[in-house]
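Starting off with a structure, shown below.
The values are calculated or read from the model by the stated rules, or taken from the named source; none is laboratory data. Since the model is a prediction, treat every value here as computed from it, not as a measurement. Because the Cβ atoms are built from the backbone with ideal geometry, glycine has one as well, and the counts that use them run over all protein chains shown. Please note that ligands, DNA and RNA were not included when accessible areas were found on the heavy atoms of the full protein model with its side chains. Shrake-Rupley method; radii C 1.70, N 1.55, O 1.52, S 1.80 Å.
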Amino acid sequence: MKLNNANILITGGTLGIGHATAKLLIESGANVAITGRDEKRTLKAARDIGAMPITADVANPDDVRHTFQAFMDEYGKLDVLINNAGIGVSKQLEELTVEDFEQIYRVNVFGAAMMASKAAKIFKKQNYGNIINIGSTAATNGYEGGSVYASSKAALRSMTQSWQKELRKHNVRVILINPSEVTTAFGNPDREERNDQPNKLRSKEIAWAIKSALEMDNRGFIPELAVWATNPF
């Protein structure tokens, strides 16, 4: 697709992968809106890169409706939804609670699904569109303490496959990007970005993968793409 003047909505765009992707796509000529739960942080992050800010929590159905209303009022058309918002928790099996699953799934699974549901209605009318889900290599390779997070990303992977089968006949590309460890604020209680490390992935690498996947001619798409650090050891 042509990114110049494309209208793109990115959830969780105030930090990390979402923010880096928004910046790169704006530099490529796209019109980008980012969502974030914290109004002050969202406004600043959007202002820094020239994006449209939408204060919203994907786990809240009313906020999901508000997000699409605000976006369509501004741009009138949606070309790409990037489901990037995600949270995690790491706990040993015997420490898990139902509330742990509910908290993470409301964002990583339910929120992504409700965002995609709204986008699908728009894309079917247009007979065109793109959904990019930000998954994780944890979806196919669990880890100690990863019962909640890894399973939420496995659910997102399964949903992606289902949406591909539903939406291909409407010329909608649904793409799953699975990063391995990225030095972002993810997992930090203070939500501060971690420092770059020479042998670890940065948000920039994932943003580049997203941009490259979108720029493939619309007749083709990449169903699933994993991004690994070359030598993180």
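Placing unit charges on C-beta atoms (Lys and Arg positive, Asp and Glu negative, everything else neutral), compute the dipole magnitude of the chain about its Cα centre in debye, rounded to 20. Don't jump to the answer; show the numbers that get you there.
Details: 28 positive and 26 negative charges, 198 e Å.
The dipole magnitude comes to about 960 debye.
In a Gaussian network model over the chain where Cα atoms closer than 10 Å are linked, find which of Asn84, Asn133, Asn171 has the largest mean-square fluctuation.
Most flexible of the set in this elastic network: Asn171.
In the Gaussian network model of the chain, springs joining C-alpha atoms below 10 Å, which of Leu96, Leu201, Leu78 carries the largest mean-square fluctuation?
Leu96
Quick one: which residues, 5+ away or cross-chain, put their amide H under 5 Å from the amide H of Arg37? H built at 1.01 Å from N.
Ala56
Then there's this: Please quote Rg/Rh for the range 38-115 to two decimal places, taking the Kirkwood radius as Rh and restricting both calculations to Cα atoms. It would help to have the intermediate numbers written out before the result.
Values: Rg = 15.0 Å, Rh = 14.2 Å.
So for the range 38-115, dividing Rg by the Kirkwood Rh gives 1.06.
Continuing with the same structure: Could you derive backbone 3J(HN,Hα) for the range 196-212 from the dihedral phi with the Karplus parameters 6.51, -1.76 and 1.60 (θ = phi - 60°), listing whole Hz in sequence and x where the residue is Gly or Pro?
These are the phi-based 3J(HN,Hα) values: 4, 10, x, 9, 10, 5, 9, 4, 4, 5, 6, 4, 4, 5, 4, 4, 5 Hz.
If contacts are Cα pairs under 8 angstrom and at least 6 residues apart, what is the relative contact order of the chain in percent?
Numbers: 455 pairs, mean separation 46.8, N = 233.
Over the chain, the number comes to 20 percent.
Residue by residue through the range 214-219, what is 3J(HN,Hα) from phi via Karplus (6.51 cos²θ - 1.76 cosθ + 1.60, θ = phi - 60°)? Round to whole Hz and write x for glycine and proline.
In residue order, the calculated couplings are 5, 6, 4, 3, 4, 6 Hz.
OK, next. Using the Kirkwood radius over Cα pairs, work out the Stokes-Einstein diffusion coefficient for the chain at 37 °C and 0.692 mPa s, in µm²/s as a whole number.
Working: Rh = 17.7 Å.
Translational diffusion coefficient: 186 µm²/s.
What distance in nm separates the simple spin-label points at Asn195 and Phe101, each placed 7 Å from Cα in the Cβ direction?
It works out to 4.0 nm between the two label points.
Also, I was wondering about something else. Give me the percent of the accessible area of the range 29-89 that comes from carbon and sulfur atoms, probe 1.4 Å, all protein chains in place. Intermediate values should be presented prior to the final figure.
Details: 1220 of 2810 Å².
The C+S portion of the solvent-accessible surface of the range 29-89 is 43 percent.
Give me the accessible area per residue for the range 10-141, probe 1.4 Å, as a whole number in Å². Walk me through the numbers on the way to the answer.
Numbers: 6000 Å² over 132 residues.
Heavy-atom SASA per residue in the range 10-141 reads 45 Å².
I want to verify a result. In a Gaussian network model of the chain, Cα cutoff 10 Å, which of these has the top mean-square fluctuation: Pro179, Pro53, Pro223?
Result for the chain, Cα springs under 10 Å: Pro223 fluctuates most.
Using only helices, what value at 222 nm comes out for the chain when you add -39,500 (n - 2.57) per DSSP H run of length 4 or more and divide by the total residues, to the nearest 500 deg cm²/dmol?
-13000 deg cm²/dmol
Could you list the square roots of 5 times each eigenvalue of the Cα gyration tensor of the range 1-75, that is, the equivalent ellipsoid semi-axes, sorted largest first and rounded to whole Å?
Three semi-axes, in Å: 19, 14, 10.
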